[in-house]
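S.K.: Structure in structure tokens, see below.
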């Protein structure tokens, strides 16, 4: 009888230890699985989520961290495949946001860059905005269809390289103009420029003769810029010249075509009725 009780106590003790281990230190901990260990379809959905978040936050550093956690090898074909899939399924806006993320992360192609800078078309024609006297001979595109529908308060109406002949100087320069819906310059508007390693905030109002003007000497190699007020379209893929490319070392003929930086013009659009 005592021998039977002894074995019974051993069995119960072993069962108790097993339960404690299963529910204690040996139990799988929730939330410890890294994004790189997720199924491919889940990682694909997370890539769209990162693109949506980047379109809202405009935080390139966070987007890079979230993307790196997915540990994707050879990302460019993946971006191309998913963008093509979204377009075939009629998810144009998702495709454009994903293309914008690919451009920002430098995993882009000419097709992805073209899509990133193209607004989703709509059947409703968009009237051309009133030309600004500062644009000169450079044509200004109409505000995007999304902006007319009230998606953006600010849209990019000009994005072009800045030559050494226009503004001599050796430091890479980002020049931004901000206008109201009628093309009139706006002073005191906050702007946000972001590179891979840097974020800088600056304001319009530096020139008395053009209160909508702002400029920023930059040190990074690739920038995005937006109006840091309300919903703003983002000017992407602003690649700056290297530190060794100095305007002061160029001839007059070379300065006419040498790139010192970029010119971006934002225009406020009236919300859709």
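S.K.: I'd like the full set of residues that are free of Cβ contacts under 8 Å to residues at least 60 places away in the same chain and in contact with a strand residue (DSSP E or B) (Cβ under 6 Å, 6 or more places away or on another chain), limited to region 218-256.
M.R.: Matches in region 218-256: 218, 223, 225, 228, 239.
S.K.: Do you know which of the residues in region 65-74 that are surrounded by 16 or more Cβ atoms within 10 Å (Cβ to Cβ) and at pLDDT 85 or above is farthest from residue 112 (Cα to Cα)?
M.R.: Within region 65-74, the match that is farthest from residue 112 (Cα to Cα) is 66.
S.K.: When only residues in region 75-112 that are under 17 Å from the mean Cα position of the chain (by Cα) and not in a helix (DSSP H, G or I) count, which is nearest to residue 55 (Cα to Cα)?
M.R.: Filtering first and then ranking leaves 105.
S.K.: With outside the structural domain of residue 233 (by TED's automatic domain parsing), out of contact with any helix residue (DSSP H, G or I) (no Cβ under 7 Å at 6 or more places or on another chain) and at pLDDT below 75 as the only criterion, which of 121, 125 stands out?
M.R.: Exactly one residue qualifies, and that residue is 125.
S.K.: If you take the residues in region 257-273 that are touching a strand residue (DSSP E or B) at 6+ places or on another chain (Cβ under 8 Å) and not in a strand (DSSP E or B), which one is surrounded by the fewest Cβ atoms within 10 Å (Cβ to Cβ)?
M.R.: Filtering first and then ranking leaves 257.
S.K.: State all residues of region 204-228 that are loosely packed, with under 15 Cβ neighbours inside 10 Å and modelled with pLDDT of 90 or more; if no residue qualifies, say none.
M.R.: Across region 204-228, the qualifying residue is only 217.
The values are calculated or read from the model by the stated rules, or taken from the named source; none is laboratory data. Everything quoted here is computed from the prediction, not taken from an experiment. Here the Cβ is made from the backbone with ideal geometry for all residues, glycine too, and neighbour counts use every protein chain on show.
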